[in-house]
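See below for the structure under consideration.
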């Protein structure tokens, strides 16, 4: 295609090879050429291999209470050989970068203190600390920077620095199968048993200190139920069933005689 352009002085310029988008043939041909084949950064390939070797080393040499197939743990994680006997790992468990999985205080009869079942995913920067028992059932996923701890720092004595007061007796935590724990959430049990019911969602930065019913969404500090699956309606509804039940009971009832 040939285009003629006139300027105010009357000069005429002829531009060869413009297409309908205003691109000349050389530019169009250059753009139509396929990009050279991309290849993965060799460093990433090396790091992946390093992770694989590290995971195999832990699976073969650490005295876990049990460890399943295809366990993958990043080499930056804090996971001590001395406490491995108190940890049980299922199949296809993935633990990402900079996680800490630890039993800071070993108590009699607490083996295993940490149980991570099949197909669980622990996101980057996660922390799991148990002195009693933490059980993460199958198909649970953690976002980044999640904290799960079955005890807390004691602080009752105001005459003693908190660092010197040790920990509370704590309790046990069970996260039932299919749950999703969001970024920055904290699940802390000071006493008794804390259960997060199956297929529940813990929202970003939520702080959970008491049990949550199954099929619930919780947010906030302290965490509260903001949505729950209503089996009678077959859909998710706002609020908790307990709150809706108490609200229904508080409604005035009209009686016709």
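Pairs are defined by a Cβ separation below 8 Å, a sequence spacing of at least 6 or placement on different chains, a first member in region 182-201 that is without any contact (Cβ under 8 Å) to a residue 12 or more places away in the chain, and a second member that is in a strand (DSSP E or B) and buried (at least 17 other Cβ atoms within 10 Å of the Cβ); no pair meets this definition.
Within region 177-214, the set of residues being within 23 Å of residue 93 (Cβ to Cβ) and out of contact with any strand residue (DSSP E or B) (no Cβ under 6 Å at 6 or more places or on another chain) comprises 177, 178, 183, 184, 198, 199, 214. Scan region 190-200 and tell me whether some residue there is more than 23 Å from residue 112 (Cβ to Cβ) and surrounded by fewer than 19 Cβ atoms within 10 Å (Cβ to Cβ). Checking region 190-200: at least one residue is more than 23 Å from residue 112 (Cβ to Cβ) and surrounded by fewer than 19 Cβ atoms within 10 Å (Cβ to Cβ).
Only one of the numbered conditions (1) within 22 Å of residue 131 (Cα to Cα); (2) without any contact (Cβ under 8 Å) to a residue 24 or more places away in the chain; (3) buried (at least 17 other Cβ atoms within 10 Å of the Cβ) is violated by residue 82, and that is (3). Looking only at residues of region 186-208 that are over 18 Å from the mean Cα position of the chain (by Cα) and outside any strand (DSSP E or B), we find that the one that is farthest from residue 224 (Cα to Cα) is 190.
Just one of 212, 173, 141, 122 is buried (at least 19 other Cβ atoms within 10 Å of the Cβ) and within 24 Å of residue 76 (Cα to Cα); which is it? Steps first, answer last, please.
Working: 212 fails: within 24 Å of residue 76 (Cα to Cα); 173 fails: within 24 Å of residue 76 (Cα to Cα); 141 fails: buried (at least 19 other Cβ atoms within 10 Å of the Cβ).
Testing whether each residue is buried (at least 19 other Cβ atoms within 10 Å of the Cβ) and within 24 Å of residue 76 (Cα to Cα) leaves just 122.
Computed from the coordinates by the stated procedures, all read-outs in this text should not be read as laboratory data. As the structure is a computational prediction, the values presented were derived from the model and not from experiment. FYI the Cβ positions are ideal-geometry reconstructions off the backbone, even for glycines, and counts take in every protein chain you see.
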